[in-house]
Amino acid sequence: MPDVNRISRLGLVNAYLVDEEDGLTLIDTLLPKSGKLVLEEVERIGRPIVRIALTHAHGDHVGSLDELAAQFPDAEVSISARDARLLAKDKSLDPGEDLPGAKLRGSYPGTKTKPARTFAPGDRVGSLEVIAAPGHTPGHVAFLDTRDRTLYCGDAYSTLGGVATTAKPNWKFPLPAMATWHRPTEIETAKALRALDPARLAPGHGKVVESPAAQMDAALRGLQ
Ligand SMILES: [Zn+2]
């Protein structure tokens, strides 16, 4: 398996560079002012960013989008159609989203950059399959690398302080769960992602976990 290129800011927030034949796909963009950190890794690999794909519209995932889109003006920026509205700071709800306990939590700072493309589950971004993963945000997605079954799960799972869903605060690192939009939906997503049987889990927060099945099972059991 090729290495996963994880870029971590302070060990807390991750972005990833996925190798493709035509260049690199950047998954998420960290906090604001993280462009330099990403550029250092791009230079180390020696290939340009040709796509920027976002798991969701929270500020710690879209923070350096404007900076990086300016550095790589030809890169195709994409996000789910649903979270594209949040990226544009439109907090209106879709029919059916007015659920008990649902609330848009966490920061949605928006970006000046408008996505060139919005995707839906089942679409492809290079070798990545877009997987529906709503719950943390209404339009959250995960990306499954169809070549090696690495699952870039955004904030559907966190591994900081142990593998956990973001349906319930993990006392060792509660922040992602505190920003979750609708917990029952997030639990369904966590189960669906486990059912994909990923070869590794590459989360938005925490280390990459190889062969994560048993740890995902334990995280799901912890919800009951
Ligand atoms: Zn988030």
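Can you tell me which residue in the range 124-140 is most open to solvent (accessible area, probe 1.4 Å), limited to those that are in a loop (DSSP other than H, G, I, E, B) and over 15 Å from THR25 (Cα atoms)?
So in the range 124-140, the residues in a loop (DSSP other than H, G, I, E, B) come out as 126-127, 133-140.
Going one step further and asking which of them are over 15 Å from THR25 (Cα atoms), we end up with 133-140.
Values: ALA133: 0, PRO134: 41, GLY135: 0, HIS136: 1, THR137: 0, PRO138: 17, GLY139: 8, HIS140: 4 Å².
It comes out as PRO134.
So which of ASP83, ASP66 is within 16 Å of the ligand (Cβ to nearest atom) and not in a loop (DSSP other than H, G, I, E, B)?
Working: ASP66 fails: within 16 Å of the ligand (Cβ to nearest atom).
Within the list ASP83, ASP66, the selection yields ASP83.
Identify, please: which residue in the range 141-169 is over 11 Å from the mean Cα position of the chain (by Cα) and within 20 Å of SER107 (Cβ to Cβ) and is, among those, surrounded by the most Cβ atoms within 10 Å (Cβ to Cβ)?
THR166
A quick yes/no check of all residues on (1) crowded, with 20+ Cβ neighbours inside 10 Å; (2) farther than 24 Å from ASP123 by Cα; (3) out of contact with any Gly (no Cβ under 8 Å at 6 or more places or on another chain):
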| position | (1), (2), (3) |
| --- | --- |
| GLY46 | no, yes, yes |
| VAL50 | no, no, no |
| ALA57 | yes, no, no |
| SER64 | yes, yes, no |
| GLN71 | no, yes, no |
| ASP83 | yes, no, no |
| ASP90 | no, no, yes |
| PRO95 | no, no, yes |
| ARG105 | no, yes, yes |
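Of the numbered conditions (1) in contact with a helix residue (DSSP H, G or I) (Cβ under 9 Å, 6 or more places away or on another chain); (2) within 26 Å of GLU67 (Cβ to Cβ); (3) part of a strand (DSSP E or B), PHE143 fails exactly one; give the number of that condition.
Only one criterion is unmet by PHE143, namely (1).
Based on what the data block shows, is PRO134 at pLDDT 95 or above and either within 16 Å of the ligand (Cβ to nearest atom) or within 25 Å of LYS103 (Cα to Cα) (or both)? Full working, then the answer.
Numbers: at pLDDT 95 or above: yes; either within 16 Å of the ligand (Cβ to nearest atom) or within 25 Å of LYS103 (Cα to Cα) (or both): yes.
Spelling it out, PRO134 is indeed at pLDDT 95 or above and either within 16 Å of the ligand (Cβ to nearest atom) or within 25 Å of LYS103 (Cα to Cα) (or both).
Filter the range 149-161 down to residues that are at pLDDT 95 or above and touching a Lys or Arg at 6+ places or on another chain (Cβ under 8 Å) and give me whichever is nearest to ASP28 (Cα to Cα). Spell out the reasoning first.
Just the residues of the range 149-161 that are at pLDDT 95 or above, to begin with: 149-159.
Add one more test, that the residue is touching a Lys or Arg at 6+ places or on another chain (Cβ under 8 Å), and what stays is 149-151, 159.
Details: ARG149: 19, THR150: 16, LEU151: 14, THR159: 17 Å.
Only one residue tops the list, namely LEU151.
Looking at the range 1-34, which of its residues are assigned to a strand (DSSP E or B) and hydroxyl-bearing (Ser, Thr, Tyr)? Walk me through how you get there before you give the answer.
At the first step, the residues of the range 1-34 found to be assigned to a strand (DSSP E or B) are 5-9, 13-20, 23-27.
If the condition is that a residue be assigned to a strand (DSSP E or B) and hydroxyl-bearing (Ser, Thr, Tyr), then SER8, TYR16, THR25 are the ones that fit.
If I ask for residues that are surrounded by fewer than 20 Cβ atoms within 10 Å (Cβ to Cβ) and either more than 13 Å from the ligand (Cβ to nearest atom) or closer than 20 Å to SER8 by Cα (or both), which ones from the range 170-193 would you list? Spell out how you get there, then give the answer.
Step one: filter the range 170-193 for residues surrounded by fewer than 20 Cβ atoms within 10 Å (Cβ to Cβ), giving 171-175, 178, 183-184, 187-188, 191-192.
Once the filter is applied, which keeps residues that are surrounded by fewer than 20 Cβ atoms within 10 Å (Cβ to Cβ) and either more than 13 Å from the ligand (Cβ to nearest atom) or closer than 20 Å to SER8 by Cα (or both), the range 170-193 yields TRP171, LYS172, PHE173, PRO174, LEU175, ARG183, PRO184, ILE187, GLU188, LYS191, ALA192.
The values are calculated or read from the model by the stated rules, or taken from the named source; none is laboratory data. Note that the structure is predicted; figures quoted are calculated from it, not measured. No Cβ is skipped: glycine too gets one built from the backbone with ideal geometry, and neighbour counts run over all protein chains shown. Surface accessibility is based on the protein's heavy atoms, side chains included, excluding ligands, DNA and RNA. Shrake-Rupley method; radii C 1.70, N 1.55, O 1.52, S 1.80 Å.
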